[in-house]
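Structure record follows, encoded as structure tokens.
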Amino acid sequence: MLLEISHPLELIKLTASLDSFLHGLLPSWAALLIEFILVGVVLLAMYAVIALILIYAERKITAFFQCRYGPNRVGKYGLIQSVADMVKILLKEIIHVDSVDKFLFYLAPFFVICASMLTFAALPFGNGLHAVDFNVGVFYLIAVSSLSIIGVLLAGWSSNNKYSMIGAMRSGAQFISYELSAGLSLLTVAVLAGSLQLSTIVADQSYVYHWNLFRGHLPAVIAFIIYLIAGHAETNRGPFDLPEAESELTAGYHTEYSGLQFGFYYLAEYLNMFIIAGIGTTMFLGGWNAIQVEGWDGFNQVMNFIPSYAWFFAKTGVLIFLSLWVRWTFPRLRIDQLLNLEWKYLLPINLVNLVIMAIIVVFGLYIK
Amino acid sequence: MLGLLALKAIVRIVSNCNFSTENMNSSLFLVALITGASLIVAGLGMAILLSPKSFNPQKGEAYECGIPTKGTSWMQFHVGYYLYAILYLMFDVEAVFLFPWATVVRELGPSGLVSILFFILILGLGLAYAWRKGALKWK
């Protein structure tokens, strides 16, 4: 990995030189404070920009699937459509219905946004580009991302609206069910990787056949597929969008939210899609590692020239495209079908899969 | 009173983080948390400053197809959700025990594998029991 750090386009050099510059200029507490503020600003900017890009991409790709044009009026190819939407949503009055529980109503978005922000901060975007890197990283991701369901339940409960209530209950049942599968499939990979720290997991997947997806033979592939299904269901999208089924519940748990308050839920939904794809990339597809094949030296050199964050975003983009494809292809499930899929199929398969993976790891049958 | 307690807790958390490189992670965790909260506070502040304000009694009505809503919405809901929540609790606690195991599978070897097999087997039996009793059936 030392070879990649010397790469001209890697941002780790920039951050390291900035760090030494600030520490040389200021006392250490002031330098740290400025660095923390910089980290916060960068996180915020990436959060907003990724959401804007994803909203535009989703609308264009959906239009492509449905044989129509999609946004094409604001700017060239409708490129600044989502910027215009954001400005519009900022100019809306913030109102709440008389019968809501005001405190909980305004508290709910904090849970949803903070949960996705905390998860977002833990993603390894590139070589050395991660804000939070705990030694229990995988566990941290699962623990923090499940905070958002508290926000959703609070939103549904405090709205004092029957649609919101039903939407929140469905969302709660769906989220906690599929969180099990997502957690267990990530656990299967953690058994294979032998570590819970995200930076270690990524660093171990250097060559293509070291990617956790290929390294663990069939159980890893099964875990990947289960993770994709469960992650997709966790974001309340695609065939699993019962909590906000428009035709029955108007908008589900955020029916009573309007303007920017609604915008926060919208933002968090797209960011959660990105986060799920990002975790999938990190755990299964080698994270920010370039595609490298042992023995093909010329090929590896060319691939190494592309910086690590570009690889991360490219792989994540592929998984997001897959998620969009599923969303616009399959019809919506019923609540009992949804829960059956999880409890009667995915969970037992997952448990057996975990045991098989443990046997493979203990007897050293995986690709070393 | 509650606000005071919350303030005290926040002060304690901040004072325990002696912003050094050793526990950089926990300080950065706090940074991310504050970033998320400030996104909402700043956004709402901007919206309040920029947006027009008007009064209309119908703005205060719950959204329900245009007719006034009947009764409270804080009512009883389907018991099925409750059953799934209990089942979830069982498996979630299991995951807490399995995560530390995942890091030491190689060191523990076959004997550790056998012990964890029994653990997973008992959990599987729990799921099978719930299935047999009809807890997984949506009525």
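Quick notes
- Single residue of A:Leu242, A:Leu267, A:Leu285 found to be crowded, with 23+ Cβ neighbours inside 10 Å, among the hydrophobic types (A, V, I, L, M, F, W, C) and touching a Phe, Trp or Tyr at 6+ places or on another chain (Cβ under 7 Å): A:Leu285
- Considering each residue of the stretch A:102-125 in turn, none proves to be modelled with pLDDT under 85 and crowded, with 21+ Cβ neighbours inside 10 Å.
- Hey, B:Gly66 within 30 Å of A:Tyr366 (Cβ to Cβ), at pLDDT below 85 and over 25 Å from the mean Cα position of the chain (by Cα) or not: no
- Qualifying positions in the stretch A:284-300 - modelled with pLDDT under 90, in a helix (DSSP H, G or I) and within 14 Å of A:Tyr207 (Cα to Cα): A:Asp297, A:Phe299, A:Asn300
- A:Glu35 meets all of the listed conditions (1) modelled with pLDDT of 85 or more; (2) under 28 Å from B:Gly43 (Cα atoms) but one, namely (1).
- Residue in the stretch B:103-117 that is modelled with pLDDT of 80 or more, under 18 Å from A:Pro348 (Cα atoms) and more than 9 Å from chain A (Cβ to nearest Cβ) present: no
- Set A:Leu339, A:Leu285: member being over 21 Å from the mean Cα position of the chain (by Cα), on the phi < 0 side of the Ramachandran plot and among the aliphatic types (A, V, I, L, M): A:Leu339
- The set of residues from the stretch A:43-88 being assigned to a helix (DSSP H, G or I) and on the phi > 0 side of the Ramachandran plot comprises A:Tyr77, A:Gly78.
- Residue list for the stretch A:152-169, restricted to those being surrounded by fewer than 24 Cβ atoms within 10 Å (Cβ to Cβ) and within 21 Å of the chain's Cα centre (by Cα): A:Leu153
- Selection status of A:Ala277, part of a helix (DSSP H, G or I) and over 26 Å from A:Ser181 (Cβ atoms): no
- Of the residues making up the stretch B:71-102, those that are surrounded by fewer than 18 Cβ atoms within 10 Å (Cβ to Cβ), modelled with pLDDT of 75 or more and more than 8 Å from chain A (Cβ to nearest Cβ) are B:Gln76, B:Val79, B:Tyr82, B:Ile86, B:Leu89, B:Met90, B:Val93, B:Val96, B:Phe97, B:Pro100.
- Of everything in the stretch B:28-55 that is surrounded by 19 or more Cβ atoms within 10 Å (Cβ to Cβ) and small (Gly, Ala, Ser), the residue that is nearest to A:Leu90 (Cα to Cα) is B:Ala47.
- Residue check, A:Val39 among the β-branched types (Val, Ile, Thr), surrounded by 16 or more Cβ atoms within 10 Å (Cβ to Cβ) and under 22 Å from A:Pro307 (Cα atoms): yes
- Residue list for the stretch A:299-342, restricted to those being out of contact with any Asp or Glu (no Cβ under 7 Å at 6 or more places or on another chain) and among the small types (Gly, Ala, Ser): A:Ala310, A:Ala314, A:Gly317, A:Ser323
- Among the residues of this structure, A:Asn236 counts as one that is within 25 Å of A:Tyr140 (Cα to Cα), at pLDDT below 85 and more than 9 Å from chain B (Cβ to nearest Cβ).
- When the stretch B:105-133 is filtered for residues that are of a type in the set (S, T, N, Q) and out of contact with any helix residue (DSSP H, G or I) (no Cβ under 9 Å at 6 or more places or on another chain), only B:Ser111 remains.
- Residues of the stretch A:323-368 that are acidic (Asp, Glu) and either surrounded by fewer than 16 Cβ atoms within 10 Å (Cβ to Cβ) or assigned to a loop (DSSP other than H, G, I, E, B) (or both): A:Asp336 alone.
The values are calculated or read from the model by the stated rules, or taken from the named source; none is laboratory data. Only a predicted model underlies this, so the values are computations on that prediction, with no experimental measurement involved. We place every Cβ from the backbone using ideal geometry, glycine too, and count neighbours over all the protein chains shown.
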